[in-house]
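Structure record follows, encoded as structure tokens.
Coordinate-derived values only; no laboratory data. Computed from a prediction, not measured in an experiment: that's the story for all the values here. Please note: Cβ atoms are built from the backbone with ideal geometry, for glycine as well, and neighbour counts cover all protein chains shown.
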Amino acid sequence: MAAAAQTETTASGAANKALARRFMEEVFNRGNLAVVEELWKPNQIESGTRAVQSVRTAFPDYHRTIEAQVAEGDLVVTRWTMRGTHRGPYRSGALGRTIAPTGRRVEVPGISIHRLAGARRPGHPAGASGAPSGTPSPAHGDGRHRRPSGATAQRAAYPNRAKEVAE
């Protein structure tokens with residue numbers, strides 16, 4: 001690759017990583033829904049807003065820490081850890097039910113894969129976090145949720161997926 005092309009690719013990768021970081025920081029960590037409207041794919045703004053409101057209602061102190069990021073072309077892969085206290089009802093896509101508040105602190109690792117087009121973030125083509133909301137639901141690398149039968153199956157299928165954090 002020519003030096004000029006590599007410099008351009010590196011610059012766009014850095015800009016795309018910064019956009020993904022901004023999205024996570026502003027939307028998930030601060031709850032700034034105006035950024036959803038600014039960055040999310042237009043036909044997904046309503047569902048994205050609902051998803052963010054839902055996860056921040058269930059975990060009012062929801063916070064994502066970015067552990068690592070890689071950019072390639074228009075894709076940004078971000079490995080993150082979600083931490084929060086379960087203080088409101090949480091609709092689990094993986095379990096297919098709503099979980100009543102437990103008051104427990106949780107820590108959930110996740111991976112988001114964002115495809116960026118211009119200044120917008122069209123969504124997750126795949127990712128360990130699954131849904132575009134980035135909610136802490138277990139999923140597989142192909143982005144498809146599989147519903148285990150009951151909490152026991154959930155623990156067996158994902159033994160290291162989420163852990164309770166001692167307060």
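General observations
- In the stretch 62-116, trypsin sites (Lys or Arg not before Pro) in a DSSP loop with at most 14 other beta-carbon atoms within 10 Å: Arg104
- Proximity of backbone amide H atoms, modeled 1.01 Å from N, is registered between Ser92 and Arg97, Thr98, Ile99 at under 5 Å, excluding neighbours fewer than 5 places apart on the same chain.
- Computed E for Thr65/Asn43 - FRET, C-beta separation, R0 22 angstrom, nearest 0.05: 0.15
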